[in-house]
Amino acid sequence: MAEYKKQYYPGKSKISENRKNLLDPEYELEKQREVSDEDVALILGHRAPGEAYKSVHPPLEEMQEPDCPIRELVEPTEGAKAGDRVRYTQFTDSMYFAPATPYVRAWMMHNRYRGVDTGTLSGRWIVEARERDVEQMTKDLLESEVYEPALCSMRGATVHGHSLRLLENGLMFDMLRRTELGEDGNVYYVKNQIGEPLDKKISVGKPLTEDERKEKTTIFRKDGIGIRSDEEVVQFVQRIHRSRSMAGYQLKI
Amino acid sequence: MAGVEKRFVEALSKKFEEDPKGKVMKHVGMGIEQSERKMEFKKWGDKITKERGISGYDPMLHLGGIPLGQRVLMPYKPSTTETYCEGDDLHFVNNAAMQQFWDDIRRTTIVGLDTAHNVLERRLGKEVTPETINEYMHIINHAMPGAAVVQEHMVETHPGLVDDCYVKVFTGDDELADEIEDQYLIDINKLFPEDQAKQLKEAIGKSLWQAVHIPTTVVRTCDGGTTKRWSAMQISMAMIDAYHLCAGEAAVADFAYAAKHAAALDMASILPARRARGPNEPGGLQFGLLGDIIQANRIHPDDPARASLEVVAAGVMLYDQIWLGSYMSGGVGFTQYATAAYTDDILDDFTYYGVDYINKKYGGIAEAPATMDTVLDVGTEVTLYALEQYDDYPTLLEDHFGGSQRAGVGAAGTAISCSLATGHAQAGLSGWYLHMLLHKEKHGRLGFYGYDLQDQCGSTNTFSIRGDEGEPLELRGPNYPNYAMNVGHQGEYAGISAAAHYAVGDGYVLNPLVKVAFADPSLKFDYSRVREEYAKGALREFSPAGERSLIIPAK
C-alpha cells in the first residue's frame, strides 16, 4: 500500500500551490524581514518590552496537577507552562493580492501551532493564545512571506480596509492610520494594533512589487489567477457540496 | 452575459463620483463634513446635550478622536428606484416606511366569518345575508379602532389617532363578493392577474374572511400578541350589535373563541420561551409567508426575478434590521448587512445574469430539471459571475465592504437563479450553500465566524424535510435552528422560496388568505413596491400611521 501523502489543498494553480505551502508545516516560511522582539511587543501593545508576563496561574511544574494520560501525551506550550494570560494578535489582509487570507491564516495556525484559538472573519483574522506564544507567532507572521507591509496590517479594532481600493501611496486604507509609508520606501508602524500612538516608528520593510505580490498571493482573482482556471478546485468544492447533500438524507434530487 | 451593461454601474458611478473600475482611493480624510446627515446628527446631538444636560451624540469618539468619514461616506440607491439617500436613512429608526412595513404586518390578523355565521344560523336561528354582513362591516369598522357599540358610558379612542384601523373581507365566491359593498371588499378579480385570481379563488372557495388591521399605536404600545385579542373583543361586540344578541348569552363566547382561535390566523407563530415573543412577532414569520405578504408577483407576473427581489428587500429589512438587529441583538450594525441586498442594483444584476443564463441554456424559467446537476451548473456559473464582478469593479467591492454582505448577496443571486431555473425552493437553497462553499475558496474568506457556521453545514440539511431534521424552505423561518442567529440569510431565504413559486406562476407561496389580505390598497404600506416605499421613507416623504400630534404639545 502506497504511503499516504497529505494533500493540503486541491488544485494545480499557483494560488493552490501557495496555499499548500502555507498549510504544510514541513514547508519553511520564507523570511523577508527582521522585526525585533521588542518591536513585536510594542506593536502588539499587550505589555511593555521587558515587562514580566502577567500570569493567570502558577507555572505548571509548581501546580502538582493530578496524574492524567492526556497531560502526558500533550506537551504544554511555553506560555502554558509559565501560566501566561491569553492575549491575541489580529491581522487584516487586503483583497488586492495580499499573501494571506483569513481562512489560509486559520488553516495555517491549525497545522503549524498548538494551543491556539483562531477565528476568521472577512476583514480580519484573529488568534488567541498564551501571551509569549502569541508574541512568537506574531514575530513569525510579521517576518515571513505571509506578511506584505502595504497589504497586511495588525489591527486590533477598527479593522475596516480589506476590501477597499488602495490609497494613492499603495497602502491599504486604515481609518486609524496605524502605518505610514516612509520617504525611504519602508512601511512604519506609528501606532500599535489597537491604535495607540507608539513612541517610535517601527519599520516592517518595503512593499513587494506587483509581480511579486501576484507570485505570493493566496487569493483567486480574475485579474490575477481566476478560480475558473483551476478546475480541480471548483470540482472539488462541487464534489463536497454534492456529497454532503446526498449523503445527508439520500433524497434523489 | 458578455456585452450586457451591468445594472450596478450607474449607482457606483454616482456613489463614488469616480470611475467605478478605478483601483485607487483618491478621497480620504474628509470626516463627517461630507455628510449632510451626519452633520444634522451632530447639530441635534449638541442641541440635546445642551437642553437636557446629559451628553449625547458626539462623532469624535473613535480612538484618537478620529471621526467617521475617513473615506467616502457613500450614499445608497434603493434598487430599481432613482432615489439616492444616506445609509443612515435606511436604519429603521430613521425610516418611517420601514417602521410601517412591520407595523402593518404585526397589526394584522385574518379571521374567518364562516364559524360565526354557522353559530348565528344553526345555533341561534338568525338569518345571515349579504345585507347583514354589510351592516356588520359598518359596525366593525366603527368598533375595531376602539369605539363602543354595546355599553353606555364607555371611553373610546380618538378616531384621528387610529385612522389606520379597519376591516375588510374577501372570498373566493364571486357571487357573494358582488353583494359586499366596495368599501369593505378586497376584490381578488380586480387586484390579481386572471390566472392568479383563479388559483386564489379556488383555494379560498366559498369561505368568507376578514382582514383585520388594528391600530398601529396599539401594537406599538403592546405587542403583536395583542392583535388577535384586540380584534376578537371588537368582533364579538360587533356581532352582538349587528345581530341583536344578548350580551351575556353563551353563543357570544363562540364568536370570541372563533375570533381568537378557531378561525383566526396569525401572521407569525409564537416563539419558545428562550426567545420570549408572542404571536405576530418577526421571529415566527415563516419564509414562505413573507412571499405571500409581498405583492410584487401580482404587479410583475411576468418577471419573477423582480418579484423575488422585492421579497428579499422585505425580508432583510424585517429579519435582519428589525428582528436580529434589534429584537435579538441590539445596536445598529445589522443595517449595513441588509442594505447590501436591496441597494445599488447589485443583487438585481447578479439575479438577472442568472435569468439570462437560464433562458439561454434551459429555454426559459422553470424549464430546467430540479436536479443536483442543474444546481451545480447554474449555481457555479452565477456564483463565479457575481464574485468576478467584485474583481472587475473595485468600487463594487468597496460598496460591499464586508464579506457577509458579499456572501449574502452573491448567494442570494445564485440561489434565486436556481429557484427560477427549476421552480423548486429546495434546489434554490442548495444553490445558496454551493455559493458559500465556492465563495470561501475563491476569496479565502466569507463572513464572520458565526455567519459562516450555518453555511458550512447547510448542504447537509438542505433536503431534510422532516420536522426534527429540516423542513421545506417555505415552512422554515427565523427560528429554524441553524438560522436563528445570523444576519444576512433569512430575508434571502424568503426570496429564494418565493422565487420557486413565482417562477411557475403560483398564485401564492404558502397561504392564499395572506396573499389576498396584503393585496389591499388601503394598507399604509404598499407591499407591491417595497423598495420604492423604503426610498420614500428615506426621503422623509412617507406618511406613517401611529399619529400622536393630536394629543401632545405642538412643537
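Summary of computed values
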| quantity | calculated |
| --- | --- |
| Scan of the stretch B:285-318 for residues that are farther than 11 Å from B:GLN490 by Cα and not in a helix (DSSP H, G or I), ordered by number | B:ILE294, B:GLN295, B:HIS300, B:PRO301, B:ASP302, B:ASP303 |
| Filter result (open to solvent by less than 10 Å² (accessible area, probe 1.4 Å), closer than 16 Å to B:SER79 by Cβ and among the β-branched types (Val, Ile, Thr)) within the stretch B:287-319 | B:ILE294, B:VAL311, B:VAL312, B:VAL316 |
| Residue list for the stretch B:92-131, restricted to those being among the hydroxyl-bearing types (Ser, Thr, Tyr) and surrounded by 24 or more Cβ atoms within 10 Å (Cβ to Cβ) | B:THR108, B:THR109 |
| Matching residues, the stretch B:359-406, being polar (S, T, N, Q) and more than 10 Å from chain A (Cβ to nearest Cβ) | B:ASN359 |
| A:GLU135 in contact with a helix residue (DSSP H, G or I) (Cβ under 8 Å, 6 or more places away or on another chain), open to solvent by 20 Å² or more (accessible area, probe 1.4 Å) and without any contact (Cβ under 8 Å) to a residue 12 or more places away in the chain | no |
| Contacts under 9 angstrom Cβ, first residue in the stretch B:421-449 being under 24 Å from A:VAL104 (Cα atoms) and free of Cβ contacts under 8 Å to residues at least 12 places away in the same chain, partner of a type in the set (Asp, Glu) and open to solvent by less than 10 Å² (accessible area, probe 1.4 Å), 6 or more apart | B:GLY444/A:ASP93 |
| Any helices (runs of 4 or more DSSP H) falling wholly within the stretch A:61-126 and containing at least 2 residues that are over 30 Å from A:ALA150 (Cβ atoms) | A:69-73, A:78-82 |
| Complete set of residues in the stretch B:24-45 that are within 14 Å of chain A (Cβ to nearest Cβ) and outside any helix (DSSP H, G or I) | B:VAL24, B:MET25, B:LYS26, B:HIS27, B:VAL28, B:GLY29, B:MET30 |
| Criterion: in contact (Cβ under 8 Å) with a residue 24 or more places away in the chain, out of contact with any Leu (no Cβ under 9 Å at 6 or more places or on another chain) and surrounded by fewer than 18 Cβ atoms within 10 Å (Cβ to Cβ) - qualifying residue of B:ARG540, B:ARG466, B:ARG548 | B:ARG540 |
| Checklist (1) without any contact (Cβ under 8 Å) to a residue 60 or more places away in the chain; (2) closer than 30 Å to B:ALA519 by Cα applied to B:GLY363, failing item | (2) |
| Criterion violated by B:VAL487 - all others in (1) within 14 Å of another protein chain (Cβ to nearest Cβ); (2) farther than 30 Å from A:LYS222 by Cβ; (3) in a loop (DSSP other than H, G, I, E, B) satisfied | (2) |
| Leading residue by the ranking (farthest from B:PRO67 (Cα to Cα)) among those in the stretch A:195-228 that are open to solvent by 20 Å² or more (accessible area, probe 1.4 Å) and either modelled with pLDDT under 95 or among the aliphatic types (A, V, I, L, M) (or both) | A:ILE225 |
| Residue in the stretch B:368-377 that is part of a helix (DSSP H, G or I), surrounded by 24 or more Cβ atoms within 10 Å (Cβ to Cβ) and not small (Gly, Ala, Ser) present | yes |
| Test for B:GLU441: is it acidic (Asp, Glu), surrounded by fewer than 21 Cβ atoms within 10 Å (Cβ to Cβ), within 11 Å of chain A (Cβ to nearest Cβ) and at negative phi | no |
| Residues (assigned to a helix (DSSP H, G or I) and under 22 Å from B:GLY403 (Cβ atoms)) located in the stretch A:215-243 | A:LYS216, A:ILE227, A:ARG228, A:VAL233, A:VAL234, A:PHE236, A:VAL237, A:GLN238, A:ILE240, A:HIS241 |
| Every residue from the stretch B:155-198 that is in a helix (DSSP H, G or I) and under 23 Å from the mean Cα position of the chain (by Cα) | B:ILE188, B:LEU191, B:GLN196, B:ALA197 |
| Top-ranked residue of the stretch B:428-438 - restricted to ones that are within 7 Å of chain A (Cβ to nearest Cβ) and surrounded by 24 or more Cβ atoms within 10 Å (Cβ to Cβ), ranked as farthest from A:LEU121 (Cα to Cα) | B:SER430 |
| Output for the stretch A:30-57, where each listed residue is surrounded by 17 or more Cβ atoms within 10 Å (Cβ to Cβ) and either of a type in the set (A, V, I, L, M, F, W, C) or not assigned by TED's automatic domain parsing to the domain that holds A:ASP140 (or both) | A:VAL35, A:VAL40, A:ALA41, A:LEU42, A:ILE43, A:LEU44 |
| Candidates A:ASN192, A:ASN186 - the one that is of a type in the set (S, T, N, Q), more than 9 Å from chain B (Cβ to nearest Cβ), farther than 17 Å from A:ASN18 by Cα and in contact with a helix residue (DSSP H, G or I) (Cβ under 6 Å, 6 or more places away or on another chain) | A:ASN192 |
| Subset of the stretch A:229-245 [open to solvent by less than 80 Å² (accessible area, probe 1.4 Å) and within 7 Å of chain B (Cβ to nearest Cβ)] | A:VAL233, A:VAL234, A:VAL237, A:GLN238, A:ILE240, A:HIS241, A:SER245 |
| So A:LEU22, is it outside any loop (DSSP other than H, G, I, E, B), touching a residue at least 40 places away in the same chain (Cβ under 8 Å), within 16 Å of A:VAL146 (Cα to Cα) and open to solvent by less than 60 Å² (accessible area, probe 1.4 Å) | yes |
| Selection within the stretch A:127-173 - within 14 Å of chain B (Cβ to nearest Cβ), under 23 Å from A:SER36 (Cβ atoms) and not in a strand (DSSP E or B) | A:VAL146, A:ALA150, A:LEU151, A:ARG155, A:GLY156, A:LEU171 |
| Residue list for the stretch B:319-358, restricted to those being at pLDDT 95 or above, β-branched (Val, Ile, Thr) and in a helix (DSSP H, G or I) | B:ILE322, B:THR339, B:ILE346, B:THR351, B:VAL355, B:ILE358 |
| Extreme residue, nearest to the other protein chains (Cβ to nearest Cβ), among residues of the stretch A:96-122 that are more than 14 Å from the chain's Cα centre (by Cα) and open to solvent by less than 30 Å² (accessible area, probe 1.4 Å) | A:TYR96 |
| Candidates A:VAL86, A:VAL127, filtered to the one that is on the phi < 0 side of the Ramachandran plot, at pLDDT 95 or above and open to solvent by less than 20 Å² (accessible area, probe 1.4 Å) | A:VAL127 |
| Failed item, numbered, when A:LYS5 is tested on (1) in contact with a Gly (Cβ under 8 Å, 6 or more places away or on another chain); (2) open to solvent by 80 Å² or more (accessible area, probe 1.4 Å); (3) free of Cβ contacts under 8 Å to residues at least 24 places away in the same chain | (1) |
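The values are calculated or read from the model by the stated rules, or taken from the named source; none is laboratory data. The structure presented is a predicted model; accordingly, all values stated were derived computationally and were not measured. Glycine also receives a Cβ, built like all others from the backbone with ideal geometry; neighbour counts cover every protein chain displayed. The area values use the complete protein model at the heavy-atom level, side chains included, leaving out ligands, DNA and RNA. Shrake-Rupley method; radii C 1.70, N 1.55, O 1.52, S 1.80 Å.
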